[in-house]
Structure formats: C-alpha cells, structure tokens
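Chemist: Sharing a structure below in structure tokens format, with a few things to ask.
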C-alpha cells in the first residue's frame with residue numbers, strides 16, 4: 001500500500017492559511033471592539049473562513065485516486081470536501097462583500113453562520129470518512145466540527161448573546177482551525193498518525 005503524503009505546495013498552503021487564521025483571530029481577541037470596528041472584525045472573520053473553505057476545496061480537488069486509496073478517503077469524502085468547502089467559501093465571500101456591517105447586520109451574521117456551519121460539517125465528515133485516521137485525530141476533527149456548529153448557532157442568535165462576545169468565541173474556534181492546519185502542514189498527515197500511534 002502506497003503511503004501518500006500531501007505535496008509540499010499543499011502543505012505550504014495549509015501552513016499559510018493556518019497562520020492567517022491565527023494572526024487575524026489573535027488580533028480580534030487582543031484588540032477587539034471598539035479598537036477594531038465591526039466592519040474590520042467582519043472582514044477578518046470572513047477572510048479566515050474564506051481561506052479555510054478554499055483549503056477544503058483544494059484538498060478535495062488535488063487528491064488522485066491512488067492517494068485517496070492510500071489515505072483511506074472515499075470518493076464521497078472527496079466530493080463532500082469540495083462541496084462543503086465551496087459553500088463555506090461562497091457565504092464567506094457574501095459576508096465579506098457586505099458594505100456596512102451595521103446596516104446589513106442580520107444578513108452578514110447569517111452568511112457567517114452558514115459558512116461556519118459548512119466548515120464544521122466538513123470537519124465532521126473528514127473525521128468520519130477518513131478511514132485511516134487514528135482515533136485521536138478523528139475525535140479532534142469531529143469535536144472541532146461539532147464546536148463549529150454550536151458556535152454557528154450562537155452567531156445566528158447574536159442579538160441575544162451580543163455580537164462582540166460571539167466574535168471572540170468564534171475567534172477561538174478559528175484559532176483551533178489554524179493550529180490544526182499548521183500542524184498538519186508541518187508534519188504531514190502520515191507523520192501525525194505515526195506520532196499518535198506511539
């Protein structure tokens with residue numbers, strides 16, 4: 001059985017996206033509102049979700065059949081990754097294109113919420129369908145997906161919980177996304193699995 005390892009350009013993409021997620025999320029947490037305007041916060045969150053969605057699409061598109069077989073990824077898993085990533089990317093772009101957060105608050109939050117939902121579903125599907133993932137990897141991915149769905153629900157009810165509080169909670173989730181992608185990008189998935197099996 002061929003032990004497939006993602007190409008260096010894709011691992012660099014993962015690391016780059018992870019760094020973007022970490023930097024923007026830390027800025028939102030450390031500075032926050034009103035130092036950062038709501039429009040800027042919306043842009044930061046949207047860009048982070050956009051890059052995460054793009055990573056999922058690229059991951060699904062780049063995998064040849066032999067790599068999917070080696071990594072234990074089904075054809076359904078590939079198409080799901082592309083589909084979920086595409087939808088998450090589209091709604092992140094919609095939120096990013098909102099001219100003024102205050103005047104389109106509900107619409108923007110809905111777009112962000114949907115983007116988080118599909119990123120979360122993508123992580124859950126990845127954890128469930130990637131057959132060769134070790135149990136710790138599966139648990140982490142599924143837990144991250146479930147946490148994303150919970151945060152997306154809260155973002156959809158921002159009027160009850162407060163927009164600023166939710167952006168900080170969402171930033172923490174995006175930090176986890178960023179750390180996951182950086183770690184996977186640096187070590188490569190096979191290397192990570194070997195470490196967890198020791």
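The values are calculated or read from the model by the stated rules, or taken from the named source; none is laboratory data. Just so it is clear, the model here is predicted, and its values are computed rather than measured. Heads up, the Cβs are rebuilt from the backbone with ideal geometry, glycines too, and the neighbour counts pull from every protein chain shown.
Chemist: What's the total number of residues in the stretch 112-140 that are free of Cβ contacts under 8 Å to residues at least 60 places away in the same chain and under 19 Å from residue 89 (Cβ atoms)?
Modeler: 9
Chemist: Within 19 Å of residue 92 (Cβ to Cβ), crowded, with 16+ Cβ neighbours inside 10 Å and modelled with pLDDT of 75 or more: is that true of residue 16 in this structure?
Modeler: In short, no.
To keep it simple, each residue is scored yes or no on (1) over 22 Å from residue 50 (Cα atoms); (2) out of contact with any helix residue (DSSP H, G or I) (no Cβ under 9 Å at 6 or more places or on another chain); (3) at pLDDT 85 or above.
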{"residue": "122", "(1), (2), (3)": "no, no, no"}
{"residue": "129", "(1), (2), (3)": "yes, no, no"}
{"residue": "134", "(1), (2), (3)": "yes, no, no"}
{"residue": "146", "(1), (2), (3)": "no, no, yes"}
{"residue": "169", "(1), (2), (3)": "no, no, no"}
{"residue": "192", "(1), (2), (3)": "yes, no, no"}
{"residue": "197", "(1), (2), (3)": "yes, yes, no"}
